[in-house]
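Enquirer: Structure provided below as structure tokens; questions to follow.
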Amino acid sequence: MIREDRDKRILEAVRCFMRGEKADWAAQETCDESAVAPKDAAGGVWEEWRDFINLCVKHQVLPMVYEAIYGTEAFQSLPQDKRQMIRQKVFQDVMIQARKTEEFLALYKRLLEAGLTPMVVKGIICRQLYPQPDSRCSGDEDVLIPKDQFASCHTCFLQEKMVPLEPNQDLEAAGEVPYGKKGGMLYLELHKELFPAESEAYGDFNSLFSHIWEQKIQTQIGGVPIYTMGHTDHMLYLIIHAFKHFLHSGFGIRQVCDIVMYANAYGSQIQWEELLRQCRSVRAHVFAAALFDIGARHLTFDAEKACYPKTWQSIRADGEELLEDLISGGIYGDATMSRKHSSNITLQAVADGKKGRKGKVTVISSLFPSRDYMERTCPYLKEKPYLLPVAWLSRMKGYMRETRNMKDNDAAESVRIARKRLALMKKYKIIR
């Protein structure tokens, strides 16, 4: 259950934004409905609001929430300097997003002129579904390119002042290459594959999308024709992308909003039975049904509008525990270092499950991850796997150095979080 009124308030505000509506919060309503704050308790009221705003920031939904609440009596009753501080933060976020969108569309147009067929997923495709797209901010844009077009795409990027952000990365071997714009705001991840193929936990997810190039579609955004996945494939990707993050340390409310908005917009064109078959193949069907349960209870998911069939509705999936998990975890499950490090345990358990083994929840899993996991930060292991003990030692030294003064990092806490999240994965039939 959602136990804090703060969480309910965020969901209410986000729901209003998704509908293009404004919230109606009276002046005495704070983040705790049971507390009617007297005039001399402004400090206490602000403490509650600060907690509310901080959680919005953690989930990267502050501009969305602000659009719904800025005209309410409750918000207007805050001290002027606090309102101004929030307003400036939102204005900055929205302006940065608007510039990133402009830069991306110019770059994408250049790629099309070069005869390339880059496919855009998530990001700008989802933003266009909201009443005010730039208030649904994106950290980056994700572009998928056929492997044989990578060299030409890379050349175009360099010509447009987009440079690789990891200079030592092997661009030819990497499945994903991040780029940033010199003198600009745009950050972009160029994918040759949607999921790291070397991952034991989810590398096989790529097989779900082997056919997408033959079924790609085009949509117009800002006057620019953009290639993207067909609607069934895109819905599948939104679900499986959230699923991947769930297997790590979690994901945020914004991802659920995108799934709900996409289902409401394109549900009549989604092949729901095929979507269910694909989700079942990777044990993500109960998880997905839980997302739609969250959407129906707390957001704007409309089963009739989305043509959500009985086969999906019949899946027993209570999303309340998942909602509690994702709200506490932040947008990428990185609310605390302890939670982030718990992903070593959960990923190992999922990988073991795919091999027919039952994973054990131990501190060892967190301190000594698998070679596949370590290759992400130690690429030399791909050619020299026997150096894994050296990589572990380096990891431990860096871990101790970085976390020496951290209060939110504890191995025992990582295990506790992992145990709780593994129980949730069992509930959703992801692992046995």
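Enquirer: Please identify the helices of the chain, taking whole runs of DSSP H, that span at least 18 Å along their own axis as judged from the Cα atoms and have a mean Kyte-Doolittle score of -0.5 or higher.
Expert: 42-58, 231-248, 253-266, 285-298, 388-403, 411-427
Enquirer: Then there is this: At q = 0.15, 0.30 Å⁻¹, what log₁₀ I(q)/I(0) does the range 270-318 have when each alpha carbon counts as one equal point scatterer in the Debye sum?
Expert: -0.35, -1.28
Enquirer: Given the convex hull over the Cα atoms of the chain, what projected area results after averaging over all orientations, in nm²?
Expert: 21.9 nm²
Enquirer: Related question: What value, in deg cm²/dmol to 500, does the helix sum -39500 (n - 2.57) over DSSP H runs of n ≥ 4 give at 222 nm once divided by the residues of the chain?
Expert: Using -39500 (n - 2.57) per qualifying helix, the result is -16000 deg cm²/dmol.
Enquirer: So, by mean Cβ neighbours within 10 angstrom, what's the order for 253-261, 136-144 with the highest one leading?
Expert: So the order, starting with the most tightly packed, is 253-261, 136-144.
Enquirer: So if I place +1 on the C-beta of Lys and Arg and -1 on the C-beta of Asp and Glu, and nothing else carries charge, what would the dipole magnitude of the range 109-251 be about its Cα centre? I want it in debye, nearest 20.
Expert: Charge dipole of the range 109-251: 600 debye, to the nearest 20.
Enquirer: Another one. Gain in length, Arg19 to Ala106, computed as 0.36 nm per residue apart minus the alpha-carbon separation, to one decimal in nm?
Expert: Gain in length upon complete extension: 28.4 nm.
Enquirer: Among DSSP bridges having both ends in the chain, what percentage is antiparallel? Round to the nearest 5.
Expert: 75 percent
Enquirer: Next question, about the same structure. Which links in Lys58/Lys161; Lys192/Lys244; Lys22/Lys109; Lys147/Lys354; Lys244/Lys340; Lys8/Lys58 stretch past 24 Å when you go from one Cα to the other?
Expert: Lys58/Lys161; Lys22/Lys109; Lys147/Lys354
Rule-based calculations on the coordinates, nothing more; no lab input. Treat the numbers as computed from the prediction; the structure is a model and nothing was measured. Counting neighbours? That spans all protein chains shown, and the Cβs are built from the backbone with ideal geometry, glycine included.
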